[in-house]
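Engineer: Please find one structure pasted underneath; my questions will follow.
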Amino acid sequence: MTEQRIVRRWIAQVATVSSFAAITFLAVGLDGPEAQAQQKAKAKAPPVIVVQKKKAANPMAKARPIPGQGQKLDVAALAKLIDSEINRQLKAEAIPASPKADDAEFLRRVYLDLVGVVPSADKTIAFLESTDPKKREKLVDELLTDERFGKAMAESWLLCMVPRESTNRLLIQAPFHKWLAEKFNVNERLDKVVFDLLTAVGSQDDNGAITYWVANNTVDKRTDNITRMFLGIQLECAQCHNHPFTDFKQNDYWGVAAFFMNVRVQTDAKQAAKKGGPITIVEGNAMAKGKKAALPESAKIVPAKFLAGEEAKLEKEPARPVFAKWATAPSNPYFAKAMVNRFWYHLFGRGLVNPVDDMHDDNPPTHPELLAALTEQMKANDFDARYLIRAIMATDAYQRTSKPNEKNADDRTWYSHRQPRMLTPEQLHDSIFAVVGQVARKAPEGAAAKKGPPANTRDNFLAFFRIDSVDPLEYQTGIPQALRLMNSAPSNAANRVVEESVTAAKSDPAKTIENIYVRVYARRPSADETSRMMQYIEKAGAQPRTAYTDMVWAMLNSSEFVLNR
Amino acid sequence: MNLLPTRREMLKLSAAGVTGAAFSGWLNVLAARAAETRQRTKSVVLLWMDGGPSHKDTWDLRPGTDHGGPYREINTSVNGIRISEHLPKMGELMNHGAILRSMSTAEGAHARAKYNLHTGYREGVGGLVYPSMGAIVAKELGSQEAAMPNFVSVGNRSYGAGFLGPRHQPLIVNDPARGVENLRSTLNTQQFDNRVGLLDELEQGFHRTHQASLTQAHRTTVNRAVTLMRDTGTAAFDLSREPAASRAGYGTSKFGEGCLLARRLIEAGVSFVEVTLGGWDTHQDNFDRVKNLSTQVDSGMSQLIKDLKDRGLLDTTLVIWMGEFGRTPRINARGPKPGRDHYPRAWSAAMFGGGIKGGQVIGRTDAEAATVAERPISTLDFMATVCNIVGIDHNKQNHAPNGRPVRIVDRGSNPITQLL
């Protein structure tokens with residue numbers, strides 16, 4: 001009975017893939033509706049859960065030493081280590097891997113993952129025709145120094161750091177985006193970037209990073225976001241009660257929160273939007289002087305304490321640098337691991353731990369030794385993001401085709417083939433615009449944004465396609481989005497694509513078809529595809545251009561285009 | 001026996017090109033209507049008062065008291081129930097509805113409160129995005145084969161399907177006068193059909209080699225969008241087809257047009273329509289603004305209820321009036337035209353039709369309308385009550401993508417029983 005109640009309570013509270021699996025394991029042998037519900041859930045669960053459950057029921061039964069421990073590995077050695085860990089697990093699961101992706105598939109994937117847009121026709125042709133045996137790693141290097149890399153990376157981080165809440169509607173985010181993009185583009189050490197972010201003071205004009213503290217304008221939001229984003233922990237459950245799955249107590253939560261109590265926004269975004277003037281963040285002893293930060297009802301006033309660690313000795317110094325120093329130190333047990341998992345997630349659509357920011361003992365990684373090794377190497381290599389990205393992109397695991405074989409189609413866990421995912425709204429927008437050769441309009445920020453982004457702007461498109469989703473591997477697009485893609489500009493603005501493709505082909509239909517394929521799909525058509533499209537064009541008779549625009553439209557609306565595969 | 005084909009059959013026939021022009025337009029709607037009245041499951045119109053309407057100036061007045069404000073109370077069609085003087089037409093319909101005067105909820109900030117009152121869950125808890133009431137009703141009661149969407153949101157992005165997925169996302173109509181955006185292709189039918197055929201070929205080819213569930217989901221969604229474009233039922237979205245005489249009663253406001261659109265969509269078989277009226281966040285100038293807003297509500301909502309009644313649809317259509325919270329019983333001191341601030345502790349909602357016992361008041365607040373004196377209604381109680389009225393088992397569990405079972409309404413609800 002007691003067990004049943006515990007099970008029930010756990011389910012009612014936070015549950016994650018594997019913690020739920022752990023419950024399922026516990027519930028075996030129980031009778032009654034509870035157990036039946038578990039059975040039912042099990043029956044409906046996607047295959048990934050079954051796999052996870054095995055892990056949870058048998059956590060690290062045969063823990064091995066961390067590969068590469070004590071050594072500093074270079075990019076090639078780390079790539080080799082990753083593959084050896086991934087392949088070991090594939091072998092254990094008896095799942096055969098798919099072969100490497102061809103050049104076109106690899107090219108488009110790397111472009112989307114690094115710079116957030118599909119490659120141009122010229123780049124595609126040059127890459128396909130290059131005979132350089134090192135062209136894949138050279139491509140990665142080239143894109144890592146493309147300024148679009150920092151911009152795309154910063155945009156995806158901002159989405160996780162600026163809560164989409166009504167209070168942030170008028171917030172100007174551009175300085176924050178610029179600040180972070182520059183950090184990625186000069187490849188600043190990640191521990192340094194995060195330290196600067198966590199200790200940011202000053203005005204938004206001078207220091208874009210303070211935007212983070214304005215966007216997360218209460219102590220609890222700050223605590224939640226910092227622990228999620230930089231420690232990989234969902235601590236928020238401990239805000240109101242002791243955490244159901246971890247050892248974190250309510251006092252742990254408020255011990256961390258205590259570091260952020262004395263941070264004040266001097267002009268909030270709303271006022272700034274109305275009256276002008278800079279938004280400024282200061283850190284001082286504001287709490288002492290009556291002007292209390294707005295605390296939720298569950299707040300506890302406890303001394304500042306490091307997570308699962310000691311009380312901080314805070315004298316008169318500001319509290320955040322003390323926290324930031326602890327958080328980003330190589331000895332911190334969370335930070336490097338959280339960063340590794342976040343980049344892995346960025347490149348694969350799923351983390352070695354899922355959800356990406358929910359690491360705890362009952363939610364083990366799919367590849368524990370690999371995660372541990374990557375974490376060590378991240379520290380040994382000075383928190384160098386490009387190092388990690390280069391190594392991952394050089395692996396077979398990353399370079400496999402997304403085409404499954406007969407025996408691995410159901411695998412979503414072991415990296416036997418590439419898991420396709422939906423383009424993000426940013427990638428979809430920028431890629432369509434790149435293909436049709438238009439320049440997107442940008443909506444104004446701040447007070448001017450009061451009525452929402454005007455039609456025909458990038459921001460309007462993003463807002464329309466943005467659907468809060470927990471998993472990028474899930475399909476989340478609805479009918480309104482499909483209608484917009486089909487029936488509005490720019491998917492119907494194919495004239496330029498067609499005109500240029502026809503001209504370059506000197507009106508030869510087969511060559512025109514090839515040009516269109518290269519431009520839209522970033523690959524050459526197969527012989528079958530060319531002959532099928534030839535039929536379609538011939539049927540159109542005197543109006544081949546109309547048929548070509550039909551082709552572009554169909555391609556832009558197809559799975560092949562809307563997926564990062 | 002009724003010889004008119006059902007809506008479903010009609011769709012099949014028109015898809016097959018059998019019915020042709022003769023059955024297009026209003027005739028189709030007429031047939032659909034006749035079919036629907038026979039075998040209806042229930043549907044819901046949620047009139048969402050965005051910003052948090054002042055309960056003390058609408059459904060639960062304290063005239064003549066210190067912070068009662070200037071409005072007078074009027075009698076309604078039900079003896080003993082008195083409401084604001086600015087809701088006279090609603091007063092005449094009071095015998096069809098119930099006022100819930102003891103709403104008492106936990107969230108006092110707009111975004112979190114809206115999330116809570118739309119989904120029954122608190123934002124951010126459990127790492128899931130929970131489905132809104134509209135998505136739940138669409139999933140549980142809507143037809144899964146119909147071309148028409150089961151959940152339409154008018155004038156607002158609203159809260160969506162959450163973990164229930166794209167199948168139950170609302171179709172959003174920003175401006176009722178313009179209908180569904182991007183529903184028409186700019187091309188002629190022949191060219192559009194050619195394109196769709198070509199697209200389908202591309203999809204088949206891709207799916208043969210990739211088999212990914214995402215490609216299947218994308219195909220399904222595109223096909224549903226195309227089906228919707230070709231469906232004559234979408235005429236329901238076109239307000240210009242409504243005779244001027246029957247439009248007049250709704251008033252000229254966007255909200256009035258939204259109510260008219262809601263009626264047309266309910267007639268066409270949509271399960272859940274949400275219509276938003278914004279502007280209730282009356283920290284300042286409460287009394288001029290609430291008067292104006294009440295007048296819009298009074299026209300649009302009363303005409304909607306009357307029309308549903310005339311068409312025999314009121315018993316199967318629950319009309320809910322609510323916002324995310326009430327407003328402070330005390331009038332604040334913000335300038336020459338003061339207002340009232342956010343107040344979730346005690347506030348009012350209203351329900352009409354849907355087969356409930358009308359002419360009732362549920363719960364009671366104290367002399368200042370500041371605390372609940374009788375029968376507090378929590379968010380969970382409210383959600384479970386709506387489920388009971390429309391025939392959904394609120395204890396049913398849906399499954400989140402991670403396999404976790406999630407109740408339609410979380411444990412601990414105490415639904416109102418005297419409405420049924």
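Engineer: Collect the residues in the range A:365-394 that are aromatic (Phe, Trp, Tyr) and on the phi < 0 side of the Ramachandran plot, keeping them in residue-number order.
Structural biologist: Correct list: A:387 only.
Engineer: Counting residues that are within 22 Å of residue A:517 (Cβ to Cβ), which helices (runs of 4 or more DSSP H) fully inside the range A:69-173 reach at least 3?
Structural biologist: Where helices (runs of 4 or more DSSP H) fall fully within the range A:69-173 and carry at least 3 residues being within 22 Å of residue A:517 (Cβ to Cβ), they are A:103-115, A:121-129, A:135-144.
Engineer: A further question on this structure: Answer yes or no: is there a residue in the range B:279-288 that is open to solvent by 10 Å² or more (accessible area, probe 1.4 Å) and among the polar types (S, T, N, Q).
Structural biologist: Within the range B:279-288, one or more residues are open to solvent by 10 Å² or more (accessible area, probe 1.4 Å) and among the polar types (S, T, N, Q).
Engineer: Working only within the range A:493-519, note down all residues that are open to solvent by 50 Å² or more (accessible area, probe 1.4 Å) and either within 12 Å of chain B (Cβ to nearest Cβ) or under 22 Å from residue A:562 (Cα atoms) (or both).
Structural biologist: If the condition is that a residue be open to solvent by 50 Å² or more (accessible area, probe 1.4 Å) and either within 12 Å of chain B (Cβ to nearest Cβ) or under 22 Å from residue A:562 (Cα atoms) (or both), then A:495, A:496 are the ones that fit.
Engineer: Looking only at the range A:536-544, decide whether some residue is within 13 Å of another protein chain (Cβ to nearest Cβ), aliphatic (A, V, I, L, M), open to solvent by less than 50 Å² (accessible area, probe 1.4 Å) and over 37 Å from the mean Cα position of the chain (by Cα).
Structural biologist: Yes.
Engineer: Where residues in the range A:217-235 are out of contact with any strand residue (DSSP E or B) (no Cβ under 9 Å at 6 or more places or on another chain) and open to solvent by 10 Å² or more (accessible area, probe 1.4 Å), which of them is farthest from residue A:249 (Cα to Cα)?
Structural biologist: Here the answer is A:218.
Engineer: Right, another one. As an exercise: evaluate residue B:183 against (1) within 30 Å of residue A:543 (Cα to Cα); (2) within 12 Å of another protein chain (Cβ to nearest Cβ); (3) open to solvent by 30 Å² or more (accessible area, probe 1.4 Å) and give the number of the one condition it does not meet.
Structural biologist: Against the list (1) within 30 Å of residue A:543 (Cα to Cα); (2) within 12 Å of another protein chain (Cβ to nearest Cβ); (3) open to solvent by 30 Å² or more (accessible area, probe 1.4 Å), residue B:183 comes up short only on (3).
Engineer: Here is a further query. Suppose we filter the range B:115-139 for residues that are surrounded by fewer than 24 Cβ atoms within 10 Å (Cβ to Cβ) and in contact with a strand residue (DSSP E or B) (Cβ under 9 Å, 6 or more places away or on another chain); how many remain?
Structural biologist: 4
Engineer: Also: In the range A:318-332, which residue that is modelled with pLDDT of 95 or more and part of a loop (DSSP other than H, G, I, E, B) is farthest from the chain's Cα centre (by Cα)?
Structural biologist: Taking the candidates together, the pick is A:331.
Engineer: If you don't mind, there's one more thing I want to ask. When residues of the range A:184-216 are filtered for being within 16 Å of residue A:318 (Cβ to Cβ), open to solvent by less than 10 Å² (accessible area, probe 1.4 Å) and assigned to a loop (DSSP other than H, G, I, E, B), how many remain?
Structural biologist: 1
Engineer: Here is a further query. Can you name the residue in the range A:346-360 that is more than 17 Å from residue A:565 (Cβ to Cβ) and open to solvent by 10 Å² or more (accessible area, probe 1.4 Å) and, of all such residues, is farthest from the chain's Cα centre (by Cα)?
Structural biologist: A:360
Engineer: Something else about it: State whether one or more residues within the range B:222-232 are under 22 Å from residue A:493 (Cβ atoms), more than 10 Å from chain A (Cβ to nearest Cβ) and either assigned to a helix (DSSP H, G or I) or of a type in the set (Gly, Ala, Ser) (or both).
Structural biologist: Checked against the condition, which is being under 22 Å from residue A:493 (Cβ atoms), more than 10 Å from chain A (Cβ to nearest Cβ) and either assigned to a helix (DSSP H, G or I) or of a type in the set (Gly, Ala, Ser) (or both), the range B:222-232 yields no hits at all.
Engineer: Then there's this: Name the pairs: first residue in the range B:183-208 and touching a residue at least 40 places away in the same chain (Cβ under 8 Å), second residue of a type in the set (S, T, N, Q), Cβ to Cβ under 6 Å, at least 6 apart or on different chains?
Structural biologist: Sorted first by the residue in the range B:183-208, then by its partner, the pairs are B:185/A:487.
Engineer: While we're looking at this one, here's another question. Of the numbered conditions (1) crowded, with 18+ Cβ neighbours inside 10 Å; (2) within 21 Å of residue A:343 (Cβ to Cβ); (3) within 14 Å of chain B (Cβ to nearest Cβ), residue A:170 fails exactly one; give the number of that condition.
Structural biologist: Failing condition for residue A:170: (2).
Engineer: Being assigned to a loop (DSSP other than H, G, I, E, B) and under 15 Å from residue B:51 (Cα atoms) is the filter here; which residues of the range B:319-357 pass it?
Structural biologist: Of everything in the range B:319-357, those that are assigned to a loop (DSSP other than H, G, I, E, B) and under 15 Å from residue B:51 (Cα atoms) turn out to be B:324, B:325, B:328, B:339, B:340, B:341, B:344.
Engineer: Of the residues B:234, B:215, only one is in contact with a Ser or Thr (Cβ under 7 Å, 6 or more places away or on another chain) and in contact (Cβ under 8 Å) with a residue 12 or more places away in the chain; which?
Structural biologist: Exactly one of B:234, B:215 is in contact with a Ser or Thr (Cβ under 7 Å, 6 or more places away or on another chain) and in contact (Cβ under 8 Å) with a residue 12 or more places away in the chain, namely B:215.
Engineer: Here is a list of conditions, (1) assigned to a loop (DSSP other than H, G, I, E, B); (2) of a type in the set (Gly, Ala, Ser); (3) surrounded by fewer than 20 Cβ atoms within 10 Å (Cβ to Cβ), and residue A:416 meets all of them except one; can you say which number that is?
Structural biologist: (3)
Engineer: Filter the range A:99-114 down to the residues that are over 20 Å from residue A:497 (Cβ atoms) and open to solvent by less than 10 Å² (accessible area, probe 1.4 Å) and list them by number.
Structural biologist: If the condition is that a residue be over 20 Å from residue A:497 (Cβ atoms) and open to solvent by less than 10 Å² (accessible area, probe 1.4 Å), then A:101, A:106, A:109, A:110, A:113, A:114 are the ones that fit.
Engineer: Please tell me if residue A:547 is on the phi < 0 side of the Ramachandran plot, without any contact (Cβ under 8 Å) to a residue 12 or more places away in the chain and either aliphatic (A, V, I, L, M) or crowded, with 17+ Cβ neighbours inside 10 Å (or both).
Structural biologist: When the stated conditions are applied, residue A:547 passes them.
Engineer: Out of the residues in the range B:134-173 that are under 13 Å from residue B:262 (Cα atoms) and more than 8 Å from chain A (Cβ to nearest Cβ), which is modelled with the lowest pLDDT?
Structural biologist: B:155
Engineer: Being out of contact with any helix residue (DSSP H, G or I) (no Cβ under 7 Å at 6 or more places or on another chain), more than 20 Å from residue B:102 (Cβ to Cβ) and either away from every other protein chain (no Cβ under 14 Å) or crowded, with 17+ Cβ neighbours inside 10 Å (or both) is the requirement here; does residue B:407 meet it?
Structural biologist: Yes, satisfied.
Engineer: Counting only residues that are farther than 28 Å from residue A:481 by Cα, give me the helices (runs of 4 or more DSSP H) lying completely in the range A:505-565 with at least 1 of them. Full working, then the answer.
Structural biologist: On the way: elements: A:509-521, A:527-539, A:544-556, A:559-562.
Here the list reads A:509-521, A:527-539, A:544-556.
Engineer: Just give me the residues in the range B:392-404 being more than 8 Å from every other protein chain (Cβ to nearest Cβ) and either open to solvent by 30 Å² or more (accessible area, probe 1.4 Å) or in contact with a Cys (Cβ under 8 Å, 6 or more places away or on another chain) (or both), in sequence order.
Structural biologist: B:393, B:394, B:395, B:396
Engineer: Mind listing just one residue for me: the one in the range A:390-406 that is within 14 Å of chain B (Cβ to nearest Cβ) and not small (Gly, Ala, Ser) and, of those, surrounded by the fewest Cβ atoms within 10 Å (Cβ to Cβ)?
Structural biologist: Here the residue is A:406.
Engineer: Also: For residue A:281, only one of the following conditions fails: (1) at pLDDT below 80; (2) under 30 Å from residue A:170 (Cα atoms); (3) surrounded by 18 or more Cβ atoms within 10 Å (Cβ to Cβ). What is its number?
Structural biologist: Failed condition: (1).
Engineer: Separate question: Being open to solvent by 10 Å² or more (accessible area, probe 1.4 Å) and out of contact with any helix residue (DSSP H, G or I) (no Cβ under 9 Å at 6 or more places or on another chain) narrows it down to one residue among B:211, B:303, B:216; which is it?
Structural biologist: Matching residue, one of B:211, B:303, B:216: B:211.
Engineer: Only one of these conditions is not met by residue A:488: (1) small (Gly, Ala, Ser); (2) surrounded by 19 or more Cβ atoms within 10 Å (Cβ to Cβ); (3) within 13 Å of chain B (Cβ to nearest Cβ). Which number is it?
Structural biologist: (2)
The values are calculated or read from the model by the stated rules, or taken from the named source; none is laboratory data. Please read all numbers here as calculations on a predicted model, not as lab measurements. Because the Cβ atoms are built from the backbone with ideal geometry, glycine has one as well, and the counts that use them run over all protein chains shown. Side chains included, ligands, DNA and RNA excluded: accessible areas come from the protein's heavy atoms. Shrake-Rupley method; radii C 1.70, N 1.55, O 1.52, S 1.80 Å.
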